[in-house]
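K.L.:
One structure follows; several queries about it will come next.
The values are calculated or read from the model by the stated rules, or taken from the named source; none is laboratory data. Small disclaimer: the values here were computed from a predicted structure and weren't measured. Neighbour counts are summed over all protein chains in view; Cβ atoms, including those assigned to glycine, are modelled from backbone coordinates with ideal geometry.
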Amino acid sequence: MKLKFISIIVLFFFANIFISGRESGKKIETFTLSVQYENNKDYKNAIKEIEKIYNDFKDDYLVNLRLGWLYYLNSKQDKSIKYYNEAVRLSNNSIEGLLGLTIPYSAKEKWDKVKDIYEQILSIDPANYTANLRLGQIYLNRKDYLNAKKMFTNVYNNYPGDYLACLYLGWTYYYLGSNSKAKELFTDTLILDPGNISATKGLELLK
C-alpha cells in the first residue's frame, strides 16, 4: 500500500513537470510569433497570438505586459492601460510595470495621471532616472522651474555625463536667469552630444 502511494506521488510529480514544460514551450512559441508580427508592424496579429493563450496565462505578468505594449502600438490606449494595470497588480507595483503604464497615459495626454505614476515610482526608487527626468520635463513644460530644477538636479547628480540631464538642467537654469550655469551645461551637452540643436540654440540665446 505504501509503495503504491509513493508511485502515485511520483507519477503526479512527473505529470506536473510534463504539463509545465508543455505550457512553457507554448508560451515561448507564442511570444516568438508575436514578436515576428510586431517587427513587421503587424500589431493586430501580434496581439492575436498573445490573446490565443490569454485564458491559460491571464495571471502571467509578461503576458499582460506584452498586451499592454502591443495595444499601445495599435493605438488602443484604453486596452493598453487595462493590461498594464493588470501587469502592475501581478508584479506588486513593479517599477517596470509602472513605467509601462505611463506610455498609454502619455499617448492620451493625461499628464496629471502620468505625473502621479512617476511620483509613485519615486516613492519606491527616489533615484530612478526615467521618473526624475520625465517628471522634470512635465514641470518644465508647465513653467514650474523650481520643481523642474529639483528633478533634473537629481538626474544630473547621479548621471553628470548624461547629455539629457545637462540639456534639461541647462534650460531650467536659463529660465531661472542663471546664465553662467546654463552656459556651462549647454556646453557640456555639446561635448557629450556634438551638434545638439537645442543646446546650440541655448548658447546662441546667451550671447
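K.L.:
Which residues, taken from region 22-78, are without any contact (Cβ under 8 Å) to a residue 24 or more places away in the chain and β-branched (Val, Ile, Thr)?
P.N.:
The answer is Ile28, Thr30, Thr32, Val35, Ile50.
K.L.:
Considering region 52-84 alone, what residues qualify as being among the acidic types (Asp, Glu) and loosely packed, with under 14 Cβ neighbours inside 10 Å?
P.N.:
Going residue by residue through region 52-84, those that are among the acidic types (Asp, Glu) are 56, 59-60, 78.
Scanning region 52-84 gives Asp56, Asp59, Asp78.
K.L.:
Just checking, which of Glu38, Glu86 is under 29 Å from Gln137 (Cα atoms) and outside the structural domain of Asn141 (by TED's automatic domain parsing)? Give the steps one after another, and end with the answer.
P.N.:
Working: Glu38 fails: under 29 Å from Gln137 (Cα atoms).
Unique residue meeting the criteria: Glu86.
K.L.:
Would you be able to say whether some residue in region 139-152 is part of a helix (DSSP H, G or I) and either β-branched (Val, Ile, Thr) or assigned by TED's automatic domain parsing to the domain that holds Ile47 (or both)? Write out each step before concluding.
P.N.:
Step one: filter region 139-152 for residues part of a helix (DSSP H, G or I), giving 139-141, 145-152.
Within this subset, residues satisfying the condition of being either β-branched (Val, Ile, Thr) or assigned by TED's automatic domain parsing to the domain that holds Ile47 (or both) are none.
For region 139-152, residues part of a helix (DSSP H, G or I) and either β-branched (Val, Ile, Thr) or assigned by TED's automatic domain parsing to the domain that holds Ile47 (or both): absent.
K.L.:
Only one residue in Asn93, Asn74 is at positive phi and outside the structural domain of Tyr145 (by TED's automatic domain parsing), so which one is that? Lay out the reasoning, then the answer.
P.N.:
Details: Asn74 fails: at positive phi.
Among Asn93, Asn74, only Asn93 is at positive phi and outside the structural domain of Tyr145 (by TED's automatic domain parsing).
K.L.:
Between a first residue in region 162-187 that is without any contact (Cβ under 8 Å) to a residue 40 or more places away in the chain and assigned by TED's automatic domain parsing to the domain that holds Leu146 and a second residue that is polar (S, T, N, Q) and not in a helix (DSSP H, G or I), which pairs have beta carbons less than 9 Å apart while being 6 or more apart in sequence or on different chains?
P.N.:
Within 9 Å, the pairs are Tyr163/Asn196; Leu167/Asn196; Thr172/Ser178; Phe186/Asn196.
K.L.:
Checking Ile121 against (1) within 27 Å of Gly97 (Cβ to Cβ); (2) not assigned by TED's automatic domain parsing to the domain that holds Leu101, only one condition comes out false. Which one?
P.N.:
(2)
K.L.:
How many residues are closer than 16 Å to Lys181 by Cα and surrounded by 14 or more Cβ atoms within 10 Å (Cβ to Cβ) when one looks only at region 126-153? Walk me through how you get there before you give the answer.
P.N.:
From region 126-153, those closer than 16 Å to Lys181 by Cα are 145-146, 148-150, 152-153; that's our starting set.
The next check asks that each one be surrounded by 14 or more Cβ atoms within 10 Å (Cβ to Cβ); those that pass are 145, 148-150, 152-153.
Adding up the residues that qualify gives 6.
K.L.:
For region 156-205, enumerate the residues that are surrounded by 14 or more Cβ atoms within 10 Å (Cβ to Cβ) and in a loop (DSSP other than H, G, I, E, B).
P.N.:
Within region 156-205, Tyr159, Asp162, Ser178, Asp193, Asn196 qualify.
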